[in-house]
Structure formats: structure tokens, C-alpha cells
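In what follows, a single structure is set out as C-alpha cells and then discussed.
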């Protein structure tokens, strides 16, 4: 009993002494003995160790579970914060895009207003040009009408003058010539009398403005020297 002995694995299992020693049951210390007292202390110490170890193991497992829960919560908070950052970034990007869209819309509106204003000015200018052209055409038409009226009036006056001069030239010429004869049988030389009568007869026609814009005369279409040339016919009488 004093020897520590050998481990069972070093002893042959078929040895007679080994089998004989195993036939005897376990040997316990007697109660109230030194071995029994300190053996119980060792037993209590091992039981206390086992209890504390189990409690520590339980506490460790609890702390590990708490730490895992904290890790999960921290991970969730971190992911939530990342999502908040992304949301703020998207909000800022949305605000930026909104400002850009508003700026582009304002620029497009200003461009549209400028184009409309330019188009309106062009239309007004075109309308004014059309009105001016119409007024110019109307004025020219009126001038043409006045010109035609004046031309027709001048033709009528010229025809009347020719119709008046034909009888004078044929019949009235001899009577005037005889009346102008003196006692001696010679004609009195008054060359400007007949011309003065004709001019005085038509002097009302030569006064006042005409539609063609000329003042007096027969208009700008009649030679001014033509009438004067005819009035000088009295100075060129034939002498018999």
C-alpha cells in the first residue's frame, strides 16, 4: 500500500497477481480517521472547484451572448448609419438635381420668352412694313389716279382748245382782218391784241393748283412754250 504501484496499462492483464488484486473491492479510509478527514476536504475542494468552474462557464457564456447581442446591435446601428449617410447623400443629390432642373427650366422659359419677344417684334416690324407698303401702294395708286385724271382733263382741255381754235382760224380770221383795216385800206398793225384776247380767255384755266401737284399751267405734261407759240400766230398773218 505504501508503494505508488504501476499503471494498469503497464501490467499484463493475464497476470495472476493482477487478477487476484482486482478481486478485492476498493479500499476506503475509516471514518473519523486522518485520511477520511482530509480526503473529505479534498473532495469538497474539488466539488467547489467544479461548482465555480460551472458558474464561471455559465457567466462566460452569458457574457459571450451579451457581447454577440451588442455586436449585432452595433452592426445594425452601423448599417443604419450607413443607410442614413446614403439617404442624406441621395437627398443632397436630389436637391442638386432639383436646382439644376429649376435652373434649366428657368433658362428655357427665359429663352422661350426672348424668342416670343423677338418673334413678336419681327411680326410687328413685318406688319408695319406691310402697312407702309400698302400705304405706299395706295399713295401711288392715288397719284396714278390723279395723274390719269389730270391727263384726261388736259386732253379734254386741249381738245376743247383745238375745237375752239379751228373756227377762229377759218372764219374769224377774215372778219378780224377786215375790221382792223384803216381808212387807207391797210390793216392796223396790232399784233398782240388777238394773242391777248386768247390768253385772257383761258387765263382762268391756268390759275390754281392742279391734281398733279403743279400750280397753274396745264400741268407738267404740257410744253409751256407750246401755247405761247400758237399765240404768236397773230404776228405772222399773211398779207394779201
Expressed in angstrom and ordered largest first, the alpha-carbon extents of the stretch 8-75 along the principal axes are 68, 37, 15
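How much length would be gained if the chain were fully extended between residue 79 and residue 57, taking 0.36 nm per residue of separation minus their Cα-Cα distance, in nm to one decimal?
Going from the current span to full extension adds 4.7 nm.
Values in this text are rule-based calculations from the coordinates and carry no lab data. The shown structure was predicted, so the numbers you read here are calculated from the model rather than taken from an experiment.
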